[in-house]
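Undergrad: So that we are looking at the same thing, I have put the structure below in structure tokens.
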Amino acid sequence: MAVPLARPQVTALPAARVPGARQRWDSRLRRLLGQDWAPGLLFALPLIVLLLTIIAWPFARALWMSFHSVFGPRWGAWVGFRNYAQQLEDPIFWRSFLTTVQYTVEAVALKFLIGLVAALALHNVKRFSGILTALILAPFIVPEVVTAAIFRLMFNPLFGGLNLTLQALFSWTGGLVGHPQGFGWTGDPALAIHSMVIVNVWKGVPFFTLLALAGLKAIDREQYDAAAVDGANAWQRFLHVTLPGLRYVIIVETLFSTISTFNTFGLVYLITGGGPGGATRLYALRTYELIGSLRYGQAVAVAMLMAPILMLAVVFLGRYMRAGQRGAEGPPGLAFRVLLALCGPLRLAVVLLRRTFWALNALGERLVGGAGGALLRRLSGADAGRERALRRAAGALLVALPVAAIALFELYPFYWIAITAFKTNLQVQQFSSVFWPDPWTLEHFRWLFSESQFWTWLRNTVTVAIGATAIGVSVSALGAYALVRLRWRGAGFVSTAILLTYLMPGIMLVVPLYQVFANLHLVNQLGSLILAYPTFLMPFACWLLMGYYRSIPEELEEAALIDGANRFQSWYRIVLPLTLPALMAVALFAVTNAWNEFLFAFVFIQSNSATTLPVGLGRLIVGDVFAWGPIMAASLVMSVPVVAFYAFSQRFLVEGLTAGSVKG
């Protein structure tokens, strides 16, 4: 019987061609889009969608608005750069700009110094370090509207806690300490901006402390031992081991804080409203004034004029955030090199300052070392054992004093919250029993729980916090993995786009975002807050998770891939369980953001049934009339759950930061 030969020959040719064509097409895509372009885009897709819909589109619409004459909802003619020119000719704009620069420089410098001292002291505390860290972190997690209420009470010139304390100290010490009348604080144009700096420092020191503390834990202890063997004293170990080890975290935390401080709106608006006489009118408040007068085009122009300044910080921050990212190990990009060239004079000034510092430091070490050694020998009577004991006592004092001073600074406002919440209205009005309730009362708490809508506000806030945290953690975890582990074209652009969310203050995105949510029928719905909040968490969350992913050996994933797992399975089953501390840290920051936020909740939610706690508490303030008892009772109740949450979870924060995100 004849065997048919033609049929197998015909069917074999297409089978050989198809895989070859697919391989060539796949090879071209890999060369064009990167080796891991498919999983990279899939992992980053939720992040990209969120950025496009909640940031990019409102930002583009706001930018387009700046070139038009826009009054409220009415779009007028194209005016080109006229809105910008009007602002550059406006003395109010320049005053607000200079005030913003002064406010930012003062606040960031103080936060850095106090935060570093606090971290160094806490790092050397042997007992109760967890409790002390939780207490010092408390202001960071207190809602913004609560902070405003606290300091409105503290700064009151008649019955505020600061002036009453200064007057009491003046009386108790016979005029050695304190002041007989106190100060005007936010009511004095000369002191108002410095008073707001105090508020920002009080609120921001915990952030610096937390990151610096994590950075200290990441420094290898053997470096200190080697320096001690070489004869370095404590100050020299700080200069030559601690500071170089914290270089990366110092740069990142300072840049993050500079951008957020420069964009400050809520605290200043709630406490001073920009007054007195424009003394605290930051550029974000100037923008709000223009929005209030329906001059939307000019309002956007004010914010856009700040963009080049913020862009400097964003470029540097992006460079350090992407350190160690796959595909980012090459030489600096063109934009970064151009920026370095433009900053040449500034770099020269920094070099001169460093040389001056080291010269002064060498002189100071000789003088202080000699004087200190002579003093110790005199006090110890040339007894070596006693001299060692005195050195240990001096070291313990150097740890205890900063911890005590910073704890007092951070916790003192909470004392006034507590005592005011338990005072009767008559005590508050008559300034009686100033430093202690007499008698104690629970009337404000009874009113809060039984007559106000507190439980509705709490339910809404918890709903928003859970929803926003779930979205923020999921999107950040996927996106950060795509940016740090996968090679695909566009990863650098997405990294920069994440940072661009810091470019503009929230007040600038309120109008276009409101329009977006109105079209989606989400205004007066908690869904608008659940979608908006995660976006502004992205820069910090991605930085933290990117650092943590870099600390996980890639061999674990490669072994899973060899065993047949795909990228998602290797991430979900191998990598994700190892990132639990970092995920918990991101979740804590997400909860804090959702618990604190005031501006978007105030604008997007007008319905009483959807009001959140910060807005509900803000509604207890009617004009200049403050129901101090109920406000402080609500502030206390609102703060306690978050403080307790952080107290039990702070180890995840420090561990999540220490494991990689604070390492360059």
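The values are calculated or read from the model by the stated rules, or taken from the named source; none is laboratory data. In this text the structure is predicted, and so the values were computed from the model without any measurement. Cβ sites come from the backbone with ideal geometry, for glycine too, and all protein chains shown count toward neighbours. Only protein heavy atoms, including side chains, enter the accessible area calculation; ligands, DNA and RNA are left aside. Shrake-Rupley method; radii C 1.70, N 1.55, O 1.52, S 1.80 Å.
Undergrad: Can you order the peptides 565-572, 287-294, 140-147 by their average number of other Cβ atoms within 10 Å per residue, highest first?
TA: Order by mean packing, descending: 140-147, 287-294, 565-572.
Undergrad: Need one number: nm distance between label points at V125 and E89, each 7 Å from Cα along Cα→Cβ, rounded to one decimal.
TA: A separation of 5.7 nm, rounded to one decimal place.
Undergrad: Can you pull the accessible area of W455 for me, 1.4 Å probe, Å² to the nearest 10?
TA: W455 exposes around 140 Å² with every protein chain in place.
Undergrad: A follow-up question, please. Given charges of +1 on the Cβ of Lys and Arg and -1 on the Cβ of Asp and Glu, with all other atoms neutral, how large is the dipole of the stretch 122-244 about its Cα centre, in debye to the nearest 20?
TA: Roughly 240 debye, rounded to the nearest 20.
Undergrad: A further question follows. Show me the ranking of peptides 512-519, 470-477, 178-185 by mean Cβ neighbours inside 10 Å, starting with the highest.
TA: 470-477, 512-519, 178-185
Undergrad: May I ask for the equivalent-ellipsoid semi-axes of the stretch 414-458, computed as the square root of five times each C-alpha gyration tensor eigenvalue and listed largest first in whole Å?
TA: Working: eigenvalues 102, 24, 12 Å².
For the stretch 414-458, the semi-axes come out at 23, 11, 8 Å.
Undergrad: By per-residue mean of other Cβ atoms within 10 Å, what is the highest-first order of 579-585, 131-137?
TA: Result, highest mean Cβ count within 10 Å first: 579-585, 131-137.
Undergrad: For D188, D90, what's the largest-to-smallest order of accessible area, 1.4 Å probe?
TA: Working: D188 50, D90 30 Å².
Listed by decreasing accessible area, they come as D188, D90.
Undergrad: Provide the solvent-accessible area of D220, counting protein heavy atoms only and rolling a 1.4 Å probe, rounded to the nearest 10 Å².
TA: 80
Undergrad: Heavy atoms of the protein only, probe of 1.4 Å, neighbouring chains included. What is the accessible area of V603 in Å², nearest 10?
TA: 40
Undergrad: Now for a different question. Report, as a whole number in µm² per second, the diffusion coefficient that Stokes-Einstein gives for the stretch 457-548 at 25 °C and 0.890 mPa s using the Kirkwood radius over alpha carbon pairs.
TA: Rounded to a whole number, D works out at 170 µm²/s.
Undergrad: Further, regarding this structure: Need one number for the stretch 213-288: average projected area of the convex hull over its C-alpha atoms, nm².
TA: Values: hull surface 28.2 nm².
Approximately 7.1 nm², given one-decimal rounding.
Undergrad: In Å², and per residue, what accessible area does the stretch 526-643 have when probed at 1.4 Å with the other protein chains present?
TA: 35
Undergrad: Radius of gyration and Dmax for the stretch 24-165's Cα atoms, expressed in Å?
TA: Rg, Dmax (Cα atoms, Å): 25.4, 80.
Undergrad: Please work out the C-alpha center-to-center distance from the stretch 170-220 to the stretch 495-553 and express it in whole Å.
TA: Here the answer is 30 Å between Cα centres.
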